Structure formats: C-alpha cells, structure tokens
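Contents: one structure, followed by commentary.
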Amino acid sequence: MSKFWNKKINEAEPYVAGEQPKKGQKVIKLNTNENPYPPSPMARAVLRSFDVADLRLYPDTNGTEFIDAVAQAEGVKPSQVFAGNGSDEVLALCFQTFFEREENTDLSVLTPEFSYSFYPVFEKFYGIRSKKIPLREGMVVDAEDYIGVPNCGIVIANPNAPTSRSISTEDIRKICKGSPDSVVLIDEAYAEFADPYETAVSLLPECPNLAVVRTTSKSYSLAGLRVGYAIASEELIEGLKRARDSFNSYPTDRLAQKIAAAAVKDVKYHEECIKKIVKTRTYTQNELRALGFEMPDSSANFIFARPPKGIDAESLYINLRARGILVRYFKTPGINDRLRITIGTDEEMQTFIAAVKEEVSNAKDS
Ligand SMILES: *Cc1c(COP(=O)(O)O)cnc(C)c1O
C-alpha cells in the first residue's frame, strides 16, 4: 500500500509469473511453458543482417511485415490480424475493447473456473464482472455450460491452461453461435501442440464475434521477444487498434517484427520443433503414469499431473526445486493437488523422471 498510489493500484491483485532463475544458476526449467529449443535459424539470420541505424526510426504501427506473414499462413486478410507486445498485452486490450465495465452492465464475462490466471487479474483491473463456470469431470470445458448463460463476453483458453485439455472447433462454434451479441475470446497460446491440430481461425467466416489470440512465445520459442497477435473480423481488429492507439501506438518494435515474421515463415522448423515436443510429452506422460501419477492426455507443451497417494504435490514441488528442477505449483484449492510440468528436451525430461522416481521411492520408505 502507498499513499502515492491511486485506489485502483492499491486494490490491484497483480499476476504472479513463474520464477525466472538468476543468470548463471543451473536449473532445469519446467515452470513457465517455454520452448526448450532455440528459435528458427531464420531469426538468427535476421539479427545478423539487421541494420542498427534503422532503430532511429519508429516502427510500423501495425507491424505490417509480421502481420502479412501471419495473414498468409492463416489464409486471412492482413486487416484481420493485430499484433501486440506479447499475447498478454493483446489479451489486455481485448478485455478493454470488447467487455463492458461493471458500471455499464450487470452482465459478466464467462471463464472456466480453472484457466489462465491472468484473466481474473484483467477483470479486476478493468472493473469487469466475472462468472466462473466449473469444469466437468476430467477437467473438461463443456460447451453446453456456456450456452444460454447471459454474458458480456466469454474467454476460453484452448487448449486450457493449466489443465492441458482442449475442446473441439465444433464446440467453439456452438459457443460463438450461442452468444451472438458477445465477443468470444479463444486464447490459442498452445494450439499448435494439440494432436491433431485444430484452430478456431477456420470459424471466422461464420463467426464475426470470435477473436482468436495467439503468441510466438511458446511454439515459436520467442518468449523473450514479446510478440503476440489476434486474428478476428475486421470490425474487432479495428476496435483493438482504437484501444492500442489510446495507450501505445508502437507495441512491437522493429527488430521484434522482423524476427517474428521470419519465425512464422519458417513452417518446416516450427513443425519439427512441435513434433519433438509432442514425442517427449508422450514419453513423460507414460513414465509418470507408470509411477502412479494421474493426468489428462495433454494437448499442450505441458502436463498437469496429480502425484500418487501419499505424495503431496507441494512437497514434491519443493523437493524438486531443491534438486534444481523447477515446475509450477498452484496453491488454488481444487488444483492444489497437482503440478504443471513443462515439456523440455528428452534429456531434461529423463533427468526429471529420474528425480521423481527417487522422490516416490523416498516417500514410500518414510
Ligand atoms: C503463456 C500464455 C500467454 C502469454 O503469452 P505471451 O505472448 O508470452 O504474453 C497467454 N495465454 C496463455 C493461456 C498462456 O499460457
């Protein structure tokens, strides 16, 4: 608390990101869903050829080079793409653009009870009413639960975080059709890791109320670059630009635009990277299940696993941390019996599994 902060900042409940180890500290980092592989070699090539003198000039507001690359890849018009400084910023602008503030409506934004923990932070910060929809058995989002419920917006991460489960494009279609006067925000931060791959982008021609948000942070290995984007109807994108230009007209810089564009164009490298992670995910799930862990089949680059009876999730998190392995533990009741584990390289996951094996046998002995 500070007398120099206004009421809103004094009352804010900011998002707490997963721990970032200090430089030089040797850890296996499986706690923030980063990609263990380097970005496309094309990104390096862009850096090498980049003329520093260009930084004298402001960047292109829209990030045209990047937006054109996304539009080409997704089969939409460039005017249907919006780029921001990470998808967290794009999501923040979506909340401010599409959802009504509580003084103007009695309606709430619907989100799954357990989902990306930034959504409630945005809702509180922007004064938006919120209604949490419980998950079904097996941590499933059921489209029926979002239909016929009055709302001023719907936000669903697909695949959902931290549960790792996804819903079908057909379900999203039903949700969009069920609330034609609200914007339905689908956060596809992990979509590329689902097997088979599905994207709600295919629904855009029939769903003018749909906004799909994506990021280069996870599947493109560019979390440090901060480039996220939205794909939607021109009407929605136009709204986002109004919000952006009331806040910061240059959310993505010259270098970020060029690097992100190069990464998006390198389809082959992207696909190879995802294939490797999906394979390692299967290995990790199988190994953990053999040790008595329980988890849904993951559609993302992380798994959400409950340790076997007799092993407390929080203690396991602490013990792994002491061994230099970081995973994510949420204290939230309802999910505080699980760990969210990012898929790293094969070698990292073998080390992780060996450590878990030791922890399980230690727990049995005591
Ligand atoms: C990681 C993540 C984001 C944020 O990605 P950035 O583009 O790095 O800001 C958004 N949504 C979900 C569900 C995520 O897990």
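The values are calculated or read from the model by the stated rules, or taken from the named source; none is laboratory data. Keep in mind the model is a prediction, meaning the values are calculated, not measured. A quick note on method: Cβ atoms are made from the backbone with ideal geometry, for glycine too, and the neighbour counts reach across all protein chains shown. Keep in mind that these areas ignore ligands, DNA and RNA; they rest on the heavy atoms of the full protein, side chains included. Shrake-Rupley method; radii C 1.70, N 1.55, O 1.52, S 1.80 Å.
Taken over region 116-129, the residue count meeting the criterion of being more than 20 Å from the chain's Cα centre (by Cα) and open to solvent by 50 Å² or more (accessible area, probe 1.4 Å) is 1. Among the residues of region 133-149, none is identified as touching a Phe, Trp or Tyr at 6+ places or on another chain (Cβ under 8 Å) and either hydroxyl-bearing (Ser, Thr, Tyr) or in the same structural domain as PHE330 (by TED's automatic domain parsing) (or both). Only one of the numbered conditions (1) among the β-branched types (Val, Ile, Thr); (2) crowded, with 21+ Cβ neighbours inside 10 Å; (3) more than 27 Å from PHE118 (Cα to Cα) is not met by VAL264, and that is (3).
A quick yes/no check of all residues on (1) in contact (Cβ under 8 Å) with a residue 24 or more places away in the chain; (2) within 16 Å of the ligand (Cβ to nearest atom):
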| site | (1), (2) |
| --- | --- |
| ARG101 | yes, no |
| LEU107 | yes, no |
| TYR116 | yes, yes |
| LYS124 | yes, no |
| SER130 | no, no |
| GLY138 | yes, no |
| ALA143 | yes, no |
| SER168 | yes, no |
| ASP171 | yes, no |
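Taking the residues in region 268-303 that are at negative phi and among the small types (Gly, Ala, Ser) as candidates, determine which candidate is nearest to the chain's Cα centre (by Cα). Show your work before the answer.
Of region 268-303, the ones at negative phi are 268-291, 293-303.
From what's left, among the small types (Gly, Ala, Ser): 290, 298-300.
Values: ALA290: 29, SER298: 14, SER299: 12, ALA300: 10 Å.
By that ranking, first place goes to ALA300.
When CYS94 is tested against the conditions (1) assigned to a helix (DSSP H, G or I); (2) within 17 Å of GLY228 (Cα to Cα); (3) in contact with a Lys or Arg (Cβ under 9 Å, 6 or more places away or on another chain), the lone failure is (3). Scanning region 52-68 for residues that are assigned to a helix (DSSP H, G or I) and under 17 Å from ALA232 (Cβ atoms) yields a count of 3.
Among the numbered conditions (1) without any contact (Cβ under 8 Å) to a residue 40 or more places away in the chain; (2) open to solvent by 50 Å² or more (accessible area, probe 1.4 Å); (3) of a type outside the set (Phe, Trp, Tyr); (4) under 29 Å from THR345 (Cβ atoms), tell me where PRO205 comes up short. Just one mismatch for PRO205, condition (4).
Here's the yes/no breakdown for (1) part of a helix (DSSP H, G or I); (2) open to solvent by less than 20 Å² (accessible area, probe 1.4 Å); (3) outside the structural domain of VAL16 (by TED's automatic domain parsing):
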site	(1), (2), (3)
GLU89	yes, no, yes
GLU103	no, no, yes
LEU107	no, no, yes
PHE114	no, no, yes
LYS131	no, no, yes
ASN151	no, yes, yes
THR163	no, yes, yes
ILE172	yes, yes, yes
ILE186	no, yes, yes
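Residues are listed down the side, and each one gets a yes or a no for (1) away from the ligand (no atom under 11 Å from the Cβ); (2) over 22 Å from SER164 (Cβ atoms); (3) assigned to a loop (DSSP other than H, G, I, E, B):
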position	(1), (2), (3)
TYR197	yes, no, yes
PRO208	yes, yes, yes
ARG226	no, yes, yes
ILE231	yes, yes, no
LEU240	yes, yes, no
ALA243	yes, yes, no
SER246	yes, yes, yes
PRO251	yes, yes, yes
GLN257	yes, yes, no
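Name the one entry in ALA92, ALA83 that is under 17 Å from the mean Cα position of the chain (by Cα), under 22 Å from THR332 (Cβ atoms) and within 16 Å of the ligand (Cβ to nearest atom).
Details: ALA83 fails: under 22 Å from THR332 (Cβ atoms).
From the options ALA92, ALA83, the qualifying one is ALA92.
Number of residues in region 267-295 that are touching a residue at least 12 places away in the same chain (Cβ under 8 Å) and either farther than 22 Å from PRO38 by Cβ or open to solvent by less than 50 Å² (accessible area, probe 1.4 Å) (or both) equals 16.
Among the residues making up region 309-347, those that are over 30 Å from PRO134 (Cα atoms) and open to solvent by 50 Å² or more (accessible area, probe 1.4 Å) are ASN319, ARG321, ALA322, ARG323, ASP346, GLU347.
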